[in-house]
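Only one structure is covered here, and it is reproduced in the block below.
The values are calculated or read from the model by the stated rules, or taken from the named source; none is laboratory data. Please read these numbers as outputs of a predicted model, since none were measured by experiment. Glycine gets a Cβ as well: all are built from the backbone with ideal geometry, and neighbour counts include every protein chain shown. Please note that ligands, DNA and RNA were not included when accessible areas were found on the heavy atoms of the full protein model with its side chains. Shrake-Rupley method; radii C 1.70, N 1.55, O 1.52, S 1.80 Å.
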Amino acid sequence: MQILQVEGSLTCTSRVEGMKHSVFRIVRDLSGKRQVATDPVGAEPGNWVFLASGSAARFAAGDFEILTDLTIAGIIDEWDPDEMTEAAS
Amino acid sequence: MQILQVEGSLTCTSRVEGMKHSVFRIVRDLSGKRQVATDPVGAEPGNWVFLASGSAARFAAGDFEILTDLTIAGIIDEWDPDEMTEAAS
Amino acid sequence: MQILQVEGSLTCTSRVEGMKHSVFRIVRDLSGKRQVATDPVGAEPGNWVFLASGSAARFAAGDFEILTDLTIAGIIDEWDPDEMTEAAS
Amino acid sequence: MQILQVEGSLTCTSRVEGMKHSVFRIVRDLSGKRQVATDPVGAEPGNWVFLASGSAARFAAGDFEILTDLTIAGIIDEWDPDEMTEAAS
Amino acid sequence: MQILQVEGSLTCTSRVEGMKHSVFRIVRDLSGKRQVATDPVGAEPGNWVFLASGSAARFAAGDFEILTDLTIAGIIDEWDPDEMTEAAS
């Protein structure tokens, strides 16, 4: 599961029916690339989260009918992105 | 879900049955890489949209039988691609 | 859906049962990277095509039992890969 | 299936219901990029493992209801990442 | 479907139940990046093969219950990786 940072919310008036009343977040990786994810957890801007993709995203959204391919599955308690290149053991 | 910009429509006379009467759009990312997406929303060239991929794309197309792996799920109200590398909080 | 160019056919004597009598094509992207796709449409070398991936590829192959993850879904009538970096509207 | 190295465990107090009591590991590739995986095998930091992604990850987690897209499927007995660019036969 | 070269077999004593008695191969792309694939075909080191990914990999493994996301689907009769950048038609 990808590890991304929450940047903010998304305003989207025109969308397909299947999205229902989902909350959307803009999330991004270390390089700044942004994606849209559904958020059943209530993440805040700046939080580091891990996300379920593919068909798991629909289950994780709490309703298989929600049309998403990326859902925030959990907020990581502590995360230091600068440890990214540090060696294990 | 990916965030891409609509470039235009696609003309495709020879296609598999499963595509039915889907409307196709050419969409592209910031680097200019182009893909084809089905569009049940009615997006216009220049719009920034977010898209459901994988099996969610078939649900999002409004008919699970439509053979697509990428569907426009919503039009983003305001989007500034130049904010791409800006820091959160 | 990816946009790729057909390069030619593939000869493959030893394969799993689930492939049945599928026609395989070698397809490649602008960088020259090649993949194998099933072709229910009858594409010719040089054609630019768009392709369904994932579980949609099995539906697009005309038989869900065909074991593929990439199927040619349509031949694009006109395609100019050099427009790749041109700006929209 | 990807080959990654286990770095450590993940603490995540706030998460979706579907995660149940899964054990999470931080895993990373040779470039240092990190992801989160569920671990039904009991891998240790430093182990090289291979992982099932997509819908297979949910089966591999031992319970299809667990919401993950990446699961450790096995621990590789011996693995030398430095052989990475060596030629076969 | 990806085109990869078989490098050798994989020894893995500790693995999840769902793998059953699958034969695993190490496969790699032109850049040397390695992955693990199940092999129902009997490929040899040095063979160039094409592989089904995602849920198709489980079907291709000959048993949907086998937990894999990558399965060798066929051995390519002749393959010249040096043609990689040659132009079509």
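This table checks each residue for (1) out of contact with any Lys or Arg (no Cβ under 8 Å at 6 or more places or on another chain); (2) in a loop (DSSP other than H, G, I, E, B); (3) under 28 Å from D:Gln5 (Cβ atoms); (4) open to solvent by 20 Å² or more (accessible area, probe 1.4 Å).
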residue: E:Val6; (1), (2), (3), (4): no, no, yes, no
residue: E:Gly32; (1), (2), (3), (4): yes, yes, yes, no
residue: E:Pro45; (1), (2), (3), (4): yes, yes, yes, yes
residue: E:Val49; (1), (2), (3), (4): yes, no, yes, no
residue: E:Thr71; (1), (2), (3), (4): no, no, yes, no
residue: E:Asp77; (1), (2), (3), (4): yes, yes, no, yes
Fill in: Of all residues making up region A:1-21, the number that are of a type in the set (Ser, Thr, Tyr) and touching a residue at least 12 places away in the same chain (Cβ under 8 Å)
1
Worksheet item: In this structure, is E:Gly18 away from chain C (no Cβ under 13 Å) and at pLDDT below 80?
Response: yes
Practice prompt. Taking the residues in region A:8-30 that are polar (S, T, N, Q) and in a loop (DSSP other than H, G, I, E, B) as candidates, determine which candidate is most open to solvent (accessible area, probe 1.4 Å).
Written response: A:Thr13
Item to complete: Scan (1) out of contact with any Asp or Glu (no Cβ under 9 Å at 6 or more places or on another chain); (2) modelled with pLDDT of 95 or more for the single condition E:Met1 breaks and write down its number.
Response: (1)
Worksheet item: Just one of E:Val6, E:Val41, E:Val36 is under 10 Å from the mean Cα position of the chain (by Cα) and more than 9 Å from chain D (Cβ to nearest Cβ); which is it?
Response: E:Val41
Discussion item. Give all pairs with beta carbons closer than 6 Å in which a residue from region D:22-50 that is modelled with pLDDT of 90 or more and among the aromatic types (Phe, Trp, Tyr) meets a residue that is outside any strand (DSSP E or B) and open to solvent by 30 Å² or more (accessible area, probe 1.4 Å); count only pairs at least 6 apart in sequence or on separate chains.
Written reply: D:Trp48/D:Trp79
